[in-house]
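This report refers to the structure that appears directly beneath it.
The values are calculated or read from the model by the stated rules, or taken from the named source; none is laboratory data. Just so it is clear, the model here is predicted, and its values are computed rather than measured. Please note: Cβ atoms are built from the backbone with ideal geometry, for glycine as well, and neighbour counts cover all protein chains shown. Each accessible area value is taken on the protein alone, full model and side chains, heavy atoms only, with ligands, DNA and RNA left out. Shrake-Rupley method; radii C 1.70, N 1.55, O 1.52, S 1.80 Å.
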Amino acid sequence: MGKIANVLQERGELDEALRIHREEELPVYERLGSVHERAVTMSRVAGILHLQGKLDEALRVQREEVLPVYERLGLQRDVVVTQANIATILPAAAQAQSP
């Protein structure tokens, strides 16, 4: 399902890609207790939120649901990638909040 969501995202069908990640993919990883795969999927969710302009929510997901998992698992590469994703979102979020 995740691959289907990725293809839909590439085709610009962001709402459906987001729905698949949240409603079909995430519950499976949660049932399996797969913390890493859940974090990977949440990072994809954050990416879609970013594309949709939902910057505050994208930041929240990266900071609260993705980054702590990678830090706890000791996955330094994933930590750096997530920090880079956050750094990409921050300027747009700051600009959206300025009057």
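Tell me whether the stretch 28-86 comes out rounded, prolate or oblate; compute the Cα gyration tensor, take square roots of the eigenvalues as a ≥ b ≥ c, and use a/c under 1.5 as the rounded threshold. Oblate. Computed over the Cα atoms of the chain, pair by distinct pair, the Kirkwood hydrodynamic radius stands at 13.8 angstrom. The helix-only estimate of mean residue ellipticity at 222 nm for the chain, built from DSSP H runs of length n ≥ 4 each weighted as -39500 (n - 2.57), is -22500 deg cm²/dmol after division by the residue total. For the chain, the dipole from Cβ point charges (+1 on Lys and Arg, -1 on Asp and Glu) about the Cα centre works out to 180 debye, to the nearest 20.
Based on protein heavy atoms only, the stretch 1-63 ends up with 55 Å² per residue of surface accessible to a 1.4 Å probe.
Which listed residue (27, 74, 8) has the Cα farthest towards the positive end of the charge dipole for the chain, taking +1 on Lys and Arg C-beta and -1 on Asp and Glu C-beta about the Cα centre? Checking the options against the dipole of the chain, the answer is 74.
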